[in-house]
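Chemist: Structure incoming, see below.
The values are calculated or read from the model by the stated rules, or taken from the named source; none is laboratory data. Because the structure is a prediction, the values reported are computed rather than measured. Note that each Cβ is placed from the backbone with ideal geometry, even for glycine, and that neighbours are counted across all protein chains shown.
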Amino acid sequence: MNAPLTEQFLTLQEIVAAAQRNLPPGPWSYLVGGAETETTVKRNRHALDSIAFRPRVLRDVSRIDSSSTFLNQKTRLPVMLAPIGGLESIVDGGAAAAARASAEFGVPQVVSSVCQPGLEQTAAAARNLRVFQLYVRGDDAWTDDFVQRAQDNGYRAFCFTVDVAAYSRRERDLVGRYVKPWRARAIEGAAFQAGLSWDQVKRYKDKHNGKHSLPLIIKGIATVEDAEIAVQHGVEVVYVSNHGGRQLDHGLGAAAVLPEIVKAVGKKAEVWVDGGFMRGTDIVKAIALGAKAVGLGRLCGLGLAAGGAAGLVRALEILEDEVRICLGLLGVTSFAELGPGYLAPAPAVNLPDAFSAFPLLTRP
Ligand SMILES: Cc1cc2nc3c(=O)[nH]c(=O)nc-3n(C[C@H](O)[C@H](O)[C@H](O)COP(=O)(O)O)c2cc1C
C-alpha cells in the first residue's frame, strides 16, 4: 500500500518529480514546454524572482485568513486552476478530475474549450465555482451556443483567450515528434482565430448585457494599451497572461507587466494574472501587486499528473501552507492588508527557468 499523499508529498518539488515519473515524454514536454527559445517562460520566473519582500515584524499574526473572493464568491485561496487544453492526456478524467480537485479544495476552475470531457460533463463532475474559456474558432452563432451552454451548466463567467492569433512553435513537442491527439480539431478553427478583433468583444458585450449575462474575461492581455481597450469595451476582468510563455516568445514576464496594468485599469475591472506562479510566495507577490486572482497552469497539470485529483488537492494544500507562512512572516493577517510596500525590486539569485522554483529537482 502506498503511503497517504500527505506523507508522500511534503513539498511541491516532490509533486513535480512524481509528475515527471508518471508522464510519458510526449505529454510531459507538452505540459512543461514553451515556444521556441522559451525566453518568455524564463522571463515569467525571472519577473517573480526579481521581487523581494519587505517584512514587518511584531504584529499579531496569530490568526491568518488566506481566503479571498472570486467573482464575489468566497474561495480558499486567491488562485484558480487556469484553463488547460488536452488535460485528458495528462490525467485520467481530464477536466473532470480538475473539477473534483477544485471542488474538494475550494478554488475555482477555468475550463478550456479544447479539453475532454466537454463542458457539460465537466460541470456535472463536481459542484465547484467554474468559468468557461473559449478559443473563438467559429462565427457568432457558434460562440453564442457555447455561451448558452455555459450559462445552462452553472458557469459564472465567460472567457475569450486572445493570445493565439497563430499557434506557436513548441520545440519540445516538435523535436520529440509528439503529435497531439487533438491537433486536427485545433487546426479547424485556426483561420477564424487569426481573424479575431475587438469587434467580437464588442458584439459579445452588446448581445450579452442582461442582468444574468455572464461577465466577460479577456485572457492574454500583455500590455497596458490593450488592458485599457478591454475596459473601454466593458470587459469585467482583464486577465494578464502570456499563455505561460507558450505563445509569443521573447515577451515580458507576466509579473513585470502587472503593476502598470493594475495602475491603469485596476479601479475599473478586476485584474487576474498567470505565468510562472508556482509557490506560495509567488501568489503573495501577485496579490501585493494588485492582482485579484492568480492562475495556476503547469502547477495544476503537475499536481494532476502526480496523483490525479488527490494529487492536485495535495499540491494546493502545500501551496496554502506556503502562502500562510509568507503572510505571517510579512506581518499581515489577510490579503487585504498587502500592498506594493511589502515588495522591493532585487536581482534574481538564480538563472531562471521553468523549474527554478524547485531548486532540489534534477533538471528535466
Ligand atoms: C498544457 C497547457 C495547456 C494549456 N491550454 C490552454 C487552453 O486551452 N486555453 C488557455 O486559455 N490557456 C491554456 N494554457 C495556458 C494556461 O491557461 C496559463 O495561461 C499558463 O499555463 C500560465 O502559466 P504557468 O503554466 O506558468 O502557470 C495552457 C497551458 C498549459 C501548460
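Chemist: Quickly run through the stretch 312-341 and pick out the residues that are among the β-branched types (Val, Ile, Thr) and part of a helix (DSSP H, G or I).
Modeler: Hits for the stretch 312-341 are 313, 318, 323, 325.
Chemist: Let me ask another. Are any residues in the stretch 118-144 farther than 26 Å from residue 238 by Cβ and surrounded by fewer than 18 Cβ atoms within 10 Å (Cβ to Cβ), and if so, which ones?
Modeler: 118, 120, 121, 124, 127, 141
Chemist: Right, something else. Is it the case that some residue within the stretch 299-320 is over 17 Å from the mean Cα position of the chain (by Cα), over 26 Å from residue 130 (Cβ atoms) and small (Gly, Ala, Ser)?
Modeler: No, the conditions are met nowhere in the stretch 299-320.
Chemist: Report, by residue number, each residue of the stretch 86-111 that is away from the ligand (no atom under 15 Å from the Cβ), touching a residue at least 60 places away in the same chain (Cβ under 8 Å) and farther than 21 Å from residue 274 by Cα.
Modeler: 92, 93, 100, 104
Chemist: Given the condition assigned to a helix (DSSP H, G or I) and not aromatic (Phe, Trp, Tyr), answer yes or no: does some residue in the stretch 52-63 qualify?
Modeler: No, that holds for no residue.
Chemist: Checking the conditions here, which among 299, 361, 338, 329 is surrounded by 22 or more Cβ atoms within 10 Å (Cβ to Cβ) and either out of contact with any Leu (no Cβ under 7 Å at 6 or more places or on another chain) or farther than 22 Å from residue 125 by Cβ (or both)?
Modeler: 299
Chemist: Restricted to the stretch 269-290, and to residues that are under 20 Å from residue 161 (Cα atoms) and away from the ligand (no atom under 13 Å from the Cβ), which residue is surrounded by the fewest Cβ atoms within 10 Å (Cβ to Cβ)?
Modeler: Among them, the one singled out is 270.
Chemist: Output the number of the condition that residue 131 fails; it satisfies all remaining conditions of (1) more than 15 Å from the ligand (Cβ to nearest atom); (2) under 18 Å from residue 300 (Cβ atoms); (3) of a type in the set (A, V, I, L, M, F, W, C).
Modeler: (1) is the only condition that residue 131 fails.
Chemist: Within the stretch 301-311, can one find any residue that is in contact with a strand residue (DSSP E or B) (Cβ under 8 Å, 6 or more places away or on another chain) and not basic (Lys, Arg)?
Modeler: Scanning the stretch 301-311, I find no residue that is in contact with a strand residue (DSSP E or B) (Cβ under 8 Å, 6 or more places away or on another chain) and not basic (Lys, Arg), so the answer is no.
Chemist: Looking only at residues in the stretch 68-85 that are part of a loop (DSSP other than H, G, I, E, B) and surrounded by fewer than 22 Cβ atoms within 10 Å (Cβ to Cβ), which one is nearest to the ligand (Cβ to nearest atom)?
Modeler: If we take residues in the stretch 68-85 being part of a loop (DSSP other than H, G, I, E, B) and surrounded by fewer than 22 Cβ atoms within 10 Å (Cβ to Cβ), then 85 is nearest to the ligand (Cβ to nearest atom).
Chemist: Without any contact (Cβ under 8 Å) to a residue 40 or more places away in the chain and in contact with an Asp or Glu (Cβ under 7 Å, 6 or more places away or on another chain): which single residue out of 153, 128 fits that description?
Modeler: None of the other options fit; the residue is 153.
Chemist: Next question. Tally time: how many residues in the stretch 197-222 are over 14 Å from residue 158 (Cα atoms), in contact with a strand residue (DSSP E or B) (Cβ under 9 Å, 6 or more places away or on another chain) and in a loop (DSSP other than H, G, I, E, B)?
Modeler: Summing the residues that are over 14 Å from residue 158 (Cα atoms), in contact with a strand residue (DSSP E or B) (Cβ under 9 Å, 6 or more places away or on another chain) and in a loop (DSSP other than H, G, I, E, B) in the stretch 197-222 gives 1.
Chemist: Any chance you could count how many residues in the stretch 223-267 are within 11 Å of the ligand (Cβ to nearest atom) and part of a loop (DSSP other than H, G, I, E, B)?
Modeler: Here the count works out to 5.
Chemist: Return yes or no: is residue 93 within 17 Å of residue 154 (Cα to Cα) and surrounded by fewer than 21 Cβ atoms within 10 Å (Cβ to Cβ)?
Modeler: In short, no.
Chemist: Do we have residue 309 as surrounded by 23 or more Cβ atoms within 10 Å (Cβ to Cβ) and either part of a loop (DSSP other than H, G, I, E, B) or within 16 Å of the ligand (Cβ to nearest atom) (or both) here?
Modeler: In short, no.
Chemist: Still on this structure, please answer the following. Quick one: in the stretch 42-63, which of the residues that are β-branched (Val, Ile, Thr) and buried (at least 16 other Cβ atoms within 10 Å of the Cβ) is farthest from residue 344 (Cα to Cα)?
Modeler: 61
Chemist: I'd like to know if the stretch 107-123 contains one or more residues that are under 18 Å from the mean Cα position of the chain (by Cα) and over 26 Å from residue 204 (Cα atoms).
Modeler: yes
Chemist: Going through the stretch 2-44 one residue at a time, which ones are at negative phi and part of a loop (DSSP other than H, G, I, E, B)?
Modeler: 2, 3, 4, 9, 10, 11, 23, 24, 33, 34, 35, 37
Chemist: Just to be sure before I move on: is residue 207 surrounded by fewer than 17 Cβ atoms within 10 Å (Cβ to Cβ), more than 24 Å from residue 117 (Cβ to Cβ) and modelled with pLDDT of 95 or more in the structure I sent?
Modeler: Yes: the conditions hold for residue 207.
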